[in-house]
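Here's the structure we're looking at; comments come further down.
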Amino acid sequence: GRQAAVEVLRRIGDAAAVSALQTALHDEDSKVRKATASALGEIGDAAAVNTLQTALCDEDTDVRRTAAKALEKIGDAAAVSALQTALHDEDAGVRQATAEALEKIGDVAAVSTLQTALHDEDAGVRQATAEALGRIGDTQLLAELATDFRQDAQTNREVLYAITSLQERFKVYRTDIFWSANSEIRLVGEKAMQPKILRVILASPGDVQPERDVLPDVIDELNKGLCAVLNVDLTLYRWETDAYPGFHSEGPQGLIDSILRIDDCDVLIGIFWKRFGTPTKDAGSGTEHEFRTAHEAWKQNKRPQIMVYFKKAPYSPSSPEELDQWRKVLEFQKTFPKEGLWWPFKTTNRFKELIRWHLSGWVQDNFKS
């Protein structure tokens, strides 16, 4: 009954409704309080901000998260001010929802507020914050983050992720702004050492071409920014750009193997969606063969780093052949080696964000000194 009353007030949506909903925020049932916070966001009246600020102090974490999302919908300066408090909430989920809300608001005050969350104790909050700042920050923020880097070469990867994202947005690739005589990352004498070449192999069936196409851009932006700072160079290899016509006793895959040298690469990136690929002599597809080759090398040498992604976009097979291909992908995912961790994504843009995040984290963790 009380939840139904909240819904009626949401539909009315005037100042009197906001006033009435203030009382409902003190209801003994947390579900009623959560519905009330959501309704205040739907009404979107600036008068609701003070009421929602009260909800940010609710004893129930779901109510606090809902209040943060409601303030996102209101989106004015008062809402940003209210959300500053929520960035210090004891619950990491509330802090992450707050960071995402501030991104949606996206004004200068929101950017300034988000900077403090780059050093949050929770990795999920830091990641959400870094992604938000990379999308809504400006060149002034880039300069400020570079200053942070100069002061502390061991700064967390989220600061570096935000820097590389902003560099790509604004096409500003000045690595010299990072160098510092007090940094563990420095020039040797007056000349920089030759960068360490890191070989990155891309393996996938042909149905994820958009994801294959964005990877060179990510590699390029990392090489111009973070990798230049850490004195490494990511070099991408793909069969369509690095293989050449010819014959091999083990067939086309044998020729590709001899060129790509997967067992001697530094990173293998695998991407799957709805196709598994064409069978080879020793595997269900060329992509599976390349993954197995990398996995065997990893078991012996703990190298290469294997990053596998599964696209979870909606899909409906329209033929038995398509259904069989999809089934093989799902079986491969189900039997993924227990030592490994794969990652899901839904859109090409999300894949681009993830691969930038994961590659920059891997590079920083392994080559920061």
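Before I look further, what does segment 225-353 give for accessible area per residue, probe 1.4 Å, in whole square angstrom?
55
Bin all alpha-carbon pair distances of segment 1-135 at 10 Å intervals from 0 and give each bin's fraction as a whole percent.
P(r) for segment 1-135, in whole percents per bin: 15, 45, 29, 11, 0.
Ignoring everything except DSSP H segments at least 4 long, calculate the 222 nm mean residue ellipticity for the chain; use -39,500 (n - 2.57) per segment, divide by total residues, nearest 500.
About -18000 deg cm²/dmol.
Please report the equivalent ellipsoid semi-axes of segment 312-369, computed as sqrt(5 x eigenvalue) of the Cα gyration tensor, largest first, in whole Å.
Gyration-tensor ellipsoid for segment 312-369: 31, 16, 7 Å.
From the cross-link list LYS311/LYS352; LYS224/LYS302; LYS311/LYS334, which pairs have alpha carbons spaced over 23 Å apart?
LYS224/LYS302
Which lysines, if any, have their Cα less than 17 Å from the Cα of LYS104, not counting same-chain residues under 8 positions apart?
LYS69, LYS73
Which order, highest average first, do 229-241, 12-24, 120-132 follow once you tally other Cβ atoms within 10 Å for each residue and take the mean per peptide?
Per-residue Cβ counts within 10 Å, averaged per peptide and sorted highest first, yield 120-132, 229-241, 12-24.
Would you mind putting 25-34, 269-278, 44-53 in packing order, based on average other-beta-carbon counts within 10 Å, highest first?
Put in order of decreasing packing, that is 269-278, 44-53, 25-34.
Along Cα→Cβ, 7 Å out, is where each label goes; now give me the distance between the ones at ARG11 and GLU250 in nm to one decimal.
So the label points at ARG11 and GLU250 sit 6.8 nm apart.
Rounded, prolate or oblate: which one fits segment 215-313, using the alpha carbon gyration tensor with axes a ≥ b ≥ c (rounded when a/c is under 1.5, else prolate when a/b beats b/c, else oblate)?
It is prolate, given that a/c is not under 1.5 and a/b is the larger ratio.
If I compute solvent accessible area with a 1.4 Å probe over the protein chains, what percent of it on the chain is carbon and sulfur?
50
For segment 241-369, compute Rg over Rh where Rg is the Cα radius of gyration and Rh is the Kirkwood radius from the inverse mean 1/r over Cα pairs.
Here Rg/Rh amounts to 0.98.
Which entry in (1) 175; (2) 156; (3) 129 matches volume of the Cα convex hull per residue in Å³ derived from the coordinates of this structure?
It is the value labelled (1).
The values are calculated or read from the model by the stated rules, or taken from the named source; none is laboratory data. Note that this is a predicted model, so its numbers are computed, not measured. Backbone-built Cβ (ideal geometry, glycine too); neighbour counts: all protein chains shown. The protein model used for the area step is the full one, side chains on, heavy atoms only, and it has no ligands, DNA or RNA in it. Shrake-Rupley method; radii C 1.70, N 1.55, O 1.52, S 1.80 Å.
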